[in-house]
Amino acid sequence: MIGTIAALYRLLYAGVLCRLPEPTAVALGQAVLRRVPLGRLPVFRSRDPRLAVTLGGVRLPNPLILASMYDDLAVLERAMGLGFGAVTTKSITRAPRPGHPEPNLVRHDSPAGPGLVNCNGFKNPGLDAYRAALPRLPRRVPLIVAVAGESIDDYVRLVAALAPLADLLEFNISSPNTALVYEWSRKPEELRALFREVRAATPRPLILKISPDFAEENERAIIPAALDAGVTIVNYGNTRRVAEPRLSQGAGGLSGPALFQSTLANLRRTRAKFGEAVEIIATGGVDTPDKALALIRAGASACGYFTGFVTRGPGLARLILDRLSGELDQTGARDLAALRPTEAL
Ligand SMILES: Cc1cc2nc3c(=O)[nH]c(=O)nc-3n(C[C@H](O)[C@H](O)[C@H](O)COP(=O)(O)O)c2cc1C
C-alpha cells in the first residue's frame, strides 16, 4: 500500500509538480498538507517499538526528523502524523522577517536526483508572534524549535523564550542565505561564548546545526567548543552554499541528493573523532530508504530530511521505517544502535 502511494506521488511529482513554477508548486504542496488530513491514515506510520531512539534524553518513536523549513503550524501538525519521529520548525528570528524577494527557490537536478536551491532568508513571523501561536500546536511527536540570530543576545533571548514550548531547541549557525548567520562558522572564539551563554539559558536539550561548508572548522574548533559548553547534539547539517544566478540573491543553499555523499563522510569523520560524546543528526540528501539506513549504520543517532519530503512525498518516511525494521529482522539486532559496526562505536 505505502509502495503504491509513493509510486503515485513520484508520477505526480514528475508529471505535474515539477512542471509548475516553484512558488506555485510549494504553495500547492502546503495547501494540500494543510487541508488533507493524510496523517489520520495509519499507513504513513510505523508501530515498530524497536525503532525508538533518544536524543538529549527525549524519546523519539523513530529516528526520522523533518528538517527545518516549515513555520506554518497546520503544516507541522500534519507532518507529525506522517511517520516522522520529530519535526522541526523553520528557524525563528527575534524580529519578523519578510525573507528574500522571489525568485528564492529553484529546482536543481543533479546526476544524484532532484534537489533544490533556496535563498529563503528566514521568512518568519518573529519571536513574539511565534511564541504566542505555538501552544496551539498539538504534539503527536516531539517538536524541535529552531532559532537563528545575529548576536549572542539574540540567541539567548530566543532560546530562553521558546524553550518552554519545545522538546528540543536547535540553534542554527549555518544557513547560507543571510551573511550574519553563515558568518558564525568563521568566528570560533565568539562561538565559544555563544555556546556557553545559550547553554546557560535553558536546561532543555540543545542541538547545534552546522554547515557542510566548514567541515575543517567544525571538527577542529566548533564541535569541541560545543562539547566543552555542554551542547552535545549536532545536526550536520545545513544546505551547501552555491552560486545560483536564477535566485534574487545570486546564490543560495543547495539541498537534496547531491549532498548525500558529503553528509555520510562528515558523519563518519565526526563519529570517529568524537565517539559517543556527541549525538549526531545526519541531514542532507536523504531521499531513499537505503540512504537513511547507511547513515544509521555509520553512527547517526537520528536522520533529518526536507527535500526528500518534497521530491519523494509523504510516503518516504514509512518506506524508510519499514527498511529499518527489515534490517533489524534480518540481522537480529535489538535496536538501531546495534546496527552500527563495532569499530564505529
Ligand atoms: C526552502 C528551504 C528552507 C529551509 N529553511 C531552513 C531554516 O529555516 N533553518 C534551517 O536550519 N535550515 C533550513 N533549511 C535546510 C534544511 O533544514 C536541511 O538542513 C537541508 O535542506 C538539507 O537537507 P535535505 O537535503 O534533506 O533537504 C531549508 C531548506 C530549504 C530547501
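The values are calculated or read from the model by the stated rules, or taken from the named source; none is laboratory data. These numbers were taken from a predicted model, which means no experiment stands behind them. Methodologically, a virtual Cβ is constructed for each residue, glycine included, from the backbone with ideal geometry; neighbour enumeration extends over all protein chains shown. Side chains are part of the model used for accessible areas, which takes the heavy atoms of the whole protein and leaves out ligands, DNA and RNA. Shrake-Rupley method; radii C 1.70, N 1.55, O 1.52, S 1.80 Å.
Just one of the numbered conditions (1) more than 17 Å from the chain's Cα centre (by Cα); (2) in a strand (DSSP E or B); (3) more than 23 Å from Lys291 (Cβ to Cβ) is not true of Gly99: (2). The single condition among (1) among the polar types (S, T, N, Q); (2) at pLDDT 95 or above; (3) within 10 Å of the ligand (Cβ to nearest atom); (4) open to solvent by less than 20 Å² (accessible area, probe 1.4 Å) that Thr202 does not satisfy is (3). Of the residues making up the range 70-96, those that are surrounded by fewer than 23 Cβ atoms within 10 Å (Cβ to Cβ), within 16 Å of the ligand (Cβ to nearest atom) and assigned to a loop (DSSP other than H, G, I, E, B) number 6. For Ala193, the stated conditions do not hold, so it cannot be described as assigned to a helix (DSSP H, G or I), under 17 Å from Arg97 (Cβ atoms), more than 20 Å from the chain's Cα centre (by Cα) and not polar (S, T, N, Q). Taking the conditions exactly as written (surrounded by 18 or more Cβ atoms within 10 Å (Cβ to Cβ), over 29 Å from Cys119 (Cβ atoms), away from the ligand (no atom under 14 Å from the Cβ) and among the charged types (D, E, K, R)), does Arg271 satisfy them or not? Against the criterion (surrounded by 18 or more Cβ atoms within 10 Å (Cβ to Cβ), over 29 Å from Cys119 (Cβ atoms), away from the ligand (no atom under 14 Å from the Cβ) and among the charged types (D, E, K, R)), Arg271 qualifies.
Can you tell me which residue within the range 97-118, out of those that are closer than 25 Å to Thr178 by Cβ and small (Gly, Ala, Ser), is surrounded by the most Cβ atoms within 10 Å (Cβ to Cβ)?
As a first pass, look at the range 97-118 and keep what is closer than 25 Å to Thr178 by Cβ: 97-108, 110, 115-118.
If we keep only those that are small (Gly, Ala, Ser) as well, we get 99, 110, 115.
Details: Gly99: 17, Ser110: 13, Gly115: 24.
The selected residue is Gly115.
Return yes when Val286 is in contact with a Pro (Cβ under 9 Å, 6 or more places away or on another chain), part of a loop (DSSP other than H, G, I, E, B) and within 13 Å of the ligand (Cβ to nearest atom) and no when it is not. Taking the combined requirement at face value, the residue satisfies it.
If we scan the range 21-33, do we find a residue that is modelled with pLDDT under 95, open to solvent by 40 Å² or more (accessible area, probe 1.4 Å) and among the charged types (D, E, K, R)? No, the range 21-33 contains no residue that is modelled with pLDDT under 95, open to solvent by 40 Å² or more (accessible area, probe 1.4 Å) and among the charged types (D, E, K, R). Candidates Val145, Val156, Val141: the one that is over 30 Å from Gly39 (Cα atoms) and of a type in the set (A, V, I, L, M) is Val156. Filtered by the rule that a residue be farther than 30 Å from Leu33 by Cβ and either without any contact (Cβ under 8 Å) to a residue 40 or more places away in the chain or open to solvent by 50 Å² or more (accessible area, probe 1.4 Å) (or both), the range 293-332 gives Arg297, Asp329, Gln330, Thr331, Gly332.
Out of Ser185, Ser175, I need the residue that is at pLDDT below 95 and out of contact with any Gly (no Cβ under 9 Å at 6 or more places or on another chain). Which one? Spell out how you get there, then give the answer.
Details: Ser175 fails: out of contact with any Gly (no Cβ under 9 Å at 6 or more places or on another chain).
Going through Ser185, Ser175 in turn, just one is at pLDDT below 95 and out of contact with any Gly (no Cβ under 9 Å at 6 or more places or on another chain): Ser185.
Within the range 130-160, the set of residues being open to solvent by less than 20 Å² (accessible area, probe 1.4 Å) and either out of contact with any strand residue (DSSP E or B) (no Cβ under 7 Å at 6 or more places or on another chain) or away from the ligand (no atom under 14 Å from the Cβ) (or both) comprises Ala133, Leu134, Leu137, Val141, Pro142, Leu143, Gly149, Val159.
For the range 105-118, check the following and say yes or no: at least one residue is within 12 Å of the ligand (Cβ to nearest atom), of a type outside the set (Ser, Thr, Tyr) and in a loop (DSSP other than H, G, I, E, B). Within the range 105-118, one or more residues are within 12 Å of the ligand (Cβ to nearest atom), of a type outside the set (Ser, Thr, Tyr) and in a loop (DSSP other than H, G, I, E, B).
Taking (1) within 16 Å of the ligand (Cβ to nearest atom); (2) farther than 18 Å from Ile281 by Cβ; (3) not hydroxyl-bearing (Ser, Thr, Tyr) in turn, Lys187 satisfies each apart from (1).
Quick one: would you say Gly326 is within 24 Å of Tyr9 (Cβ to Cβ), within 16 Å of the ligand (Cβ to nearest atom) and assigned to a helix (DSSP H, G or I)? Before you say what the answer is, go through the steps one by one.
Values: within 24 Å of Tyr9 (Cβ to Cβ): yes; within 16 Å of the ligand (Cβ to nearest atom): no; assigned to a helix (DSSP H, G or I): yes.
The answer is no for Gly326.
Is it the case that Ser46 is outside any strand (DSSP E or B) and either more than 15 Å from the ligand (Cβ to nearest atom) or of a type in the set (A, V, I, L, M) (or both)? Quick ask: steps written out before the conclusion?
Values: outside any strand (DSSP E or B): yes; either more than 15 Å from the ligand (Cβ to nearest atom) or of a type in the set (A, V, I, L, M) (or both): yes.
Against the criterion (outside any strand (DSSP E or B) and either more than 15 Å from the ligand (Cβ to nearest atom) or of a type in the set (A, V, I, L, M) (or both)), Ser46 qualifies.
Checking each residue in the range 203-251 for being assigned to a loop (DSSP other than H, G, I, E, B) and either of a type in the set (A, V, I, L, M) or closer than 25 Å to Cys303 by Cβ (or both) picks out Arg204, Pro205, Ser211, Gly230, Val231, Thr232, Gly237, Asn238, Thr239, Leu247. Consider the range 161-185 and keep the residues that are touching a Phe, Trp or Tyr at 6+ places or on another chain (Cβ under 8 Å) and open to solvent by 10 Å² or more (accessible area, probe 1.4 Å). The one that is nearest to Leu134 (Cα to Cα) is Ser175.
Can you tell me which residue among Ala243, Ala221 is within 19 Å of Leu191 (Cβ to Cβ) and more than 12 Å from the ligand (Cβ to nearest atom)? Going through Ala243, Ala221 in turn, the sole match is Ala221.
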